[in-house]
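Notes for the one structure printed next.
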Amino acid sequence: MMAVQELIKEEPGKIHLENHFRCYFHNKMAILLMMIERPDMIRNTEGVEREKAALNDLEHYFLPFGKRAKYRRIFKWLKLFLEEFPHTSSVRLRKAFGMVASLYEAFGFRMYEC
């Protein structure tokens, strides 16, 4: 990842989409992982709905076309998981964590690279 100083030296107006996407992806996954880790901290459905929308965007707009069939069931499972969230079992919470790890793999990131 480029340092801030290197980004400033780049040609003016050039957008670093890869870095922006990486940040977007990590932010959305961090929120989802915090929800999985502490389901009791979710007080309203607005946060859950935003996470479902983020998963939908990742699946339909950002996932490379050649990977869609392989990862479709993971996105579907996570969206269904969020439908019943936070009323879920500890087994499903652990499975959700594994599903999020698979999304990191799908986009070519390491889960703990930050």
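Every number in this text was worked out from the coordinates using simple rules, so none of it is lab data. Fair warning: this is a prediction, and the values are worked out from it, not measured in the lab. With ideal geometry, Cβ positions are generated from the backbone for all residues, glycine too; neighbour counts draw on all protein chains shown.
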Where only C-alpha atoms are counted, convex hull volume of segment 49-114 per residue in Å³: 93 Å³
Likely footprinting exposure, Tyr71, Tyr104, fewest C-beta neighbours within 10 Å first: Tyr104, Tyr71
Taking Ile36, Ile42 and counting other C-beta atoms within 10 Å, the order from fewest to most: Ile42, Ile36
Fewest-first sequence of His60, His26 by Cβ atoms within 10 Å of each Cβ: His60, His26
